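Have a look at the structure below before the remarks.
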Amino acid sequence: MKKGFFLTVALFTVLLSFAQQKYTINGTIRDQKTGETLIGATIVLVGNNTYSVLSNAYGFYSITAPKNDYVLLATFSGYENDTLKVSLSKDRTLNLDLKPRPTQLQEVVISSRKNDITQTLPGMQKISMTEIKNVPVLFGEKDILKTIQLLPGIKSAGEGSSGFFVRGGAADQNLILLDEATVYNASHLLGFFSTFNSDAIKDVTIYKGDMPAQYGGRLSSLLDIKMKDGDDKKYKVTGGIGLISSRLNVEGPIVKNKGSFMISARRTYADLFLKLSHDSSVNQSIIYFYDLNAKANYQFNPNNRVYLSGYFGKDVLGYSNQFGIQWGNSTGTIRWNHIFNNKLFSNTSFIYSNYNYNISINQTNNKLFILSRIKDLSVKEDLQYFAGSSNKVNFGFNITRHIFTPGNIKTSASSSFNSLILPDKYAFDGAAYVSDEWALNDRLKFNSGLRISMFAMVGPGDFYTYDSSGSIKTTETYASGKIVKSYLRAEPRFAATYQLNDFSSVKASYSRNVQNLHLLSNSTGSNPTDLWIPSSNNVKPEIADQFSAGYYRNFGNNKYEFSGEVYYKNLQNQIDYKNGAILVANQLVESQLVFGKGRAYGLELYARKKVGKLNGWISYTLSRTERKIESVNQNNWYPATQDQTHNLAIVAIYQLNKKWTFSSDFVFNTGNAVTWPSGKYEVNGRTVFYYAERNGYRMPANNRLDVSATLEGKKTKKFEGSWTFALYNVYGRENPYFVQFRDDPTDPQKTQAVQYSLFRWVPSVTYNFKF
Amino acid sequence: MKIKITYNLIFLIFFSLLGCKKVINVSLKNADVQLVITGEVNNLPGPYKVTVSKSVDFTSVNNFPPVSGAFVTITGNGITDTLEEKEAGNYFTHQLEGKPGERYSLLVSVNGKNYAATSVMPEPVKLDSLTFTLGRDNDIYPIANFQDPEGVDNYYQFIEFADGKKFNNGRGNSVFDDRLSDGRYIKRTLYDDSDDVKPGITLKVQMNCIDKAVFNYLNELSQISGDGGFSSPAPANPDSNISGGALGYFSANTVSSKTVEIH
């Protein structure tokens, strides 16, 4: 019996292998000029059947097909296609180098790019560095975070702000990764600049909720930012000199074709201009930031490559030597790419991330120093198994140890304040995942995944429970390493794509995301002092369930692309604050919170012209975002602050000739929901406004047009230079930043509403160079 | 507080370089008229005053109609004092004497509806002295110097008077608590956003010791009276210690004052 069974199995195995006779081609796709690996390039084998695959985050691909003669086609946006004949009769390694298309005066190149409409997850968008370079922005400093705000479903947190909201989520519900490391505060200078120096960035991808199972920990989105590896063929210096900041980027080979490095630095000098001001409160102010990106990689042999990358940034601001705040992120990643075999790719990452701020107050009799920090150490293992011609499996795990330092206060002996050390808090965050990309046939594809996430808050420390008034009910002391509270959550994710014909497809998806780190921010702006807290015995993990569907279509020989997506999102365990909540240096901070739920739904339309002298896109979002928070507005649903009914962005880039490129963007959006008074009364001789409901009013709508022009200088083999002139807010529209209600200074018997606007006509000029 | 000031500085910088402001017309919904009660019992000799008034629409002038004919009592020290309406909407005690450590209960009846509040008068803390510091643009800020008692939660209210008068529109009003300062010798700078403090005037600073609920109320009140913009939470009505749905607050507090001439 037993023998018979084995025989049958053996026979089947032989039969199967006969029937299939499949071979695998694998390799890495690179830029021919710089050796940069290309992320998300399409590799297609065309024979009796067509097989296709995308290169992964490290440019690796693996494609398996039956023995046959094929034409292999490799395509990547902005590059010449590569075609070669492949006679597949054994496994082979085929590294491909694609030639970048000249950026000047792009010929209309129409590629076989129907895969764009089928390969990606719904709600995923990529934005190219060329687009980021060309979109005009405030102060002329090209900015990833401000450019993605022009995509559908993504809203700006405020004029000139790098903060953003995705599909009705809060600002802290975006997972921002720089070379796999979490960036906790992605803004400089109160959000007017993002922490990402575009010179150092290779690839930007945003997932609006349906993120791959490999990622998790935030509800709304994943913004995956990859730094450049550095040119491994020749040394290169690029840079820019602007009115308020300058940049310098150096890259080159460590060992030609084997390893490279890249160092990029940026510094603002806005404070130099402040010295010109007559206002003493301005000219004695200190305000600047700098950041540094560095990366190196080395290929030990064809199957092993190691990457080191780091980011360090700091903001400094203060007033003479009396007050000062400094804050910044630092991240570090060590990654090891290992190719086990032609089908199994592995990446192991060791990740460090640190965000901290410190405040010093230095007055003669009151010296005070405050430090707060969040520090992460992680190990992450990601494996990709290119199982066959129609199947790709991703699996792996990660473990992170978080250390929170909520606030250490040190004071001088004569200070009015006591020294205080709020005890550090510790948590472990882990996840294991598996996902499968499966093409059932040429038309139907499934992407299914499951992520199991675990979060545990551990001792040492005192842990409290609170009664309804916020007073301590019980206190329990936990020893070091003892689990205070743990949460295990399953996060299923599923997406299906059906290709209707060569130029259109439909997609549908469901995904669940769980968030265990929460940013306490009781203000409309983004403050560096906002506090990250972990899920705990009092704070439950936030949960989002998102359903989305979309229609995707390419027109005019793939020159134009269009997409329409709808989504519905349900949010649980959302956090809000009690009246007058004390969030700073408060050991009992969890007693200041109230909880509730949220929902968001909307329609996103996006049309884009990808090639030609004139290109750009139009994006429109119609949406609604609501919250229902305990004891706010009689427990009714109400519009969240970031609820914007209409949001329109139009971006156009026009290359006139080899010298001039013009670009513009126009935005229009409904004003945010705001709380304004519905009456007034008097207390202690002061006029006090009466508020009838939270977010019961609307700010006036915003609209703005920005333009820029880039003039390319003479190009020599050794040197390239260009000037960019930009004007932000061309028609000087006074967009409302906030509205203040106050007594009329000229007539104390009356009250008035005063609208503050931030930026009107901000011109800028930047000189960029490369040698 | 100082953090907030530094922080607003940046905003100020951007604003002073690039921003602009203008008075706009907004159409605001009108809410039902609200009853407003404010009352105080302190450790100085009486009579003590309770004020009952009404809210008005945003667009109306700042005349807040007094509410006459209310029945107002304060109970404490074992007696109930029925207040007398000597001016329209202002009610005064007869014989009540405020003592630290005592609990005082306010009851107000208007048109058959009852509003009640209690407040416990804290133990007094003495204001030792006033000193001054120069801020931006040579603004003068007073510093209140006093010893915070160790081991108890203390809440303070500061009220400034220039030549015997309160500052315009409730300015010169601030609160402080010893949450991060217990037992310290406190030098509290009073940033009052006012140019009332100038050479030639006589400045009086009154420091009240208030209870926790009153502190919370006044603290929330000062939050919604701020810039209302960048670093403020969404405004909400401060949590009152008066039950029954009235706005305002009732405080039993001690008083300690210092007066100096500014040269």
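Computed from the coordinates by the stated procedures, all read-outs in this text should not be read as laboratory data. Predicted, not measured: the structure shown is a model, and the values here were computed from it. Counting neighbours? That spans all protein chains shown, and the Cβs are built from the backbone with ideal geometry, glycine included.
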Per the charge dipole of the protein assembly as shown (beta-carbon charges, Lys/Arg positive, Asp/Glu negative, Cα centre), the residue among A:GLY252, A:MET129, A:LEU222 reaching farthest to the positive end is A:GLY252
Average beta-carbon neighbours from other chains, 10 Å sphere, peptide A:180-193: 1
Please go through the residue pairs A:LYS375/A:LYS597; A:LYS578/B:LYS187; A:LYS99/A:LYS234; A:LYS133/A:LYS559; B:LYS166/B:LYS204; A:LYS228/A:LYS715 and name each one whose alpha carbons sit more than 18 Å apart in this structure. A:LYS375/A:LYS597; A:LYS578/B:LYS187; A:LYS133/A:LYS559; A:LYS228/A:LYS715
May I ask you to compute the full-extension gain from A:ARG742 to A:THR474, defined as 0.36 nm times their residue separation minus their alpha-carbon distance, rounded to one decimal in nm? 92.1 nm
Give me the angle, in degrees from 0 to 90, between the Cα long axis of helix A:2-20 and the longest principal axis of the Cα atoms of chain A, rounded to the nearest 10. 90
I need the calculated FRET efficiency for the pair A:ASN537 and A:SER128, taking r as the beta carbon distance and R₀ as 45 Å, to the nearest 0.05. 0.50
Between the alpha carbon centres of the stretch B:160-213 and the stretch A:737-771 the gap in Å comes to 30
At R0 = 51 Å, FRET efficiency that the Cβ-Cβ distance of A:ASN635 and A:LYS717 yields, to 0.05: 0.15
The stretch B:49-156 - charge dipole about Cα centre, Lys and Arg +1 at Cβ, Asp and Glu -1, debye rounded to 20: 380
Can you list the HN-Hα couplings for the stretch A:250-264, worked out from phi with the Karplus curve (6.51, -1.76, 1.60; θ = phi - 60°), rounded to whole Hz and with x for Gly and Pro? 10, 9, x, x, 8, 10, 3, 6, 10, x, 8, 9, 8, 10, 9
Paired Rg and Dmax values of the stretch B:109-218, which use every Cα atom, in angstrom: 16.1, 54
One checks the Cα atoms of the stretch A:472-574 and finds Rg and Dmax, in Å, of 21.3, 68
Signed unit charges on C-beta, dipole axis of the protein assembly as shown, positive-most listed residue B:TYR104, A:PHE139, A:SER346: A:SER346
Size of charge dipole - the stretch A:315-419 - debye, nearest 20, with Cβ of Lys, Arg +1 and Asp, Glu -1, no other charges: 120
Label point 7 Å beyond Cα of A:SER390 along Cβ direction - residues of the stretch A:423-453 with amide nitrogen under 11 Å: A:438-446
Using the structure shown, list the pairs from A:LYS202/A:LYS609; A:LYS155/A:LYS482; A:LYS275/A:LYS680 with a Cα-Cα distance above 32 Å, or answer none. A:LYS155/A:LYS482; A:LYS275/A:LYS680
Once both label points are put 7 Å beyond Cα along the C-beta direction, the A:THR83-A:GLN587 separation in nm becomes 7.3
Can you run phi through the Karplus equation (6.51, -1.76, 1.60; θ = phi - 60°) for the stretch A:39-51 and list ³J(HN,Hα) in whole Hz, with x for Gly and Pro? 9, x, 6, 9, 10, 10, 9, 10, x, 4, 10, 10, 10
Using Cβ counts within 10 Å as a stand-in for footprinting exposure, how do A:LYS202, B:LYS49 rank, fewest first? B:LYS49, A:LYS202
Distant-in-sequence amide H partners of A:VAL730 (H built 1.01 Å from N, under 5 Å): A:LEU705, A:ASP706, A:VAL707
Ratio of the stretch A:254-371's C-alpha Rg to 2.2 N^0.38 Å, to two decimals? 1.60
Can you work out the base-10 log of I(q)/I(0) for the stretch A:412-481 at q = 0.25 1/Å, using the Debye formula on its C-alpha atoms alone? -1.08
The stretch A:441-459-the stretch B:60-105 distance, computed between alpha-carbon centres (Å): 65
Projecting the Cα atoms of A:SER471, A:ALA490, A:VAL683 onto the charge dipole of the protein assembly as shown, where Lys and Arg contribute +1 and Asp and Glu -1 at Cβ, the residue farthest towards the positive end is A:ALA490
Between the stretch A:627-654 and the stretch A:551-567, what is the separation of their alpha carbon centroids in Å? 26
If you project the alpha carbons of the stretch A:300-357 onto the principal axes, what extent comes out on each, in Å, largest first? 61, 16, 11
Using a 7 Å offset from the Cα along the Cα-to-Cβ direction at both B:SER243 and B:GLU102, what is the distance between the two label points in nm, to one decimal? 2.2
Residue-averaged beta-carbon neighbours from other chains (10 angstrom radius) around B:33-45: 2
Could you list log10 I(q)/I(0) for the stretch A:343-410 at q = 0.12, 0.24 Å⁻¹, which the Debye formula gives when each Cα is one point scatterer? -0.54, -0.97
Go through the stretch A:306-315 residue by residue and turn each phi into a ³J(HN,Hα) via Karplus (6.51, -1.76, 1.60, θ = phi - 60°); whole Hz please, and just put x for glycine and proline. 10, 10, 10, 9, x, 9, 9, x, 8, 10
Among the aspartates and glutamates, which have Cα under 15 Å from the Cα of A:LYS770 when same-chain residues fewer than 8 positions away are ignored? A:ASP199, A:ASP231, A:GLU251, A:GLU712, A:GLU720
Chain B, dipole about Cα centre (Lys/Arg Cβ +1, Asp/Glu Cβ -1), debye to the nearest 20: 480
For q = 0.07, 0.08, 0.10 Å⁻¹, Debye-computed log10 I/I(0) when each Cα of the protein assembly as shown counts as one equal scatterer: -0.68, -0.86, -1.26
Listed by chain and number, the residues whose amide H is under 5 Å from that of A:ALA387, excluding neighbours fewer than 5 places away on the same chain and using placed H, are A:LYS392, A:VAL393
Positive minus negative residues near A:TYR290 (Lys, Arg vs Asp, Glu; Cβ under 15 Å): -1
By DSSP, what percent of the beta bridges with both residues in the protein assembly as shown are antiparallel, rounded to the nearest 5? 95
Under 5 Å from the placed amide H of A:GLU491, counting only residues 5+ away or on other chains, we find A:ARG451, A:ILE452, A:SER453
Partner shielding of A:316-323, taken as the mean number of other chain Cβ atoms within 10 Å, equals 3
Computed from the beta carbon distance with a Förster radius of 30 Å, FRET efficiency for B:ALA88 and A:LYS750 to the nearest 0.05 stands at 0.85
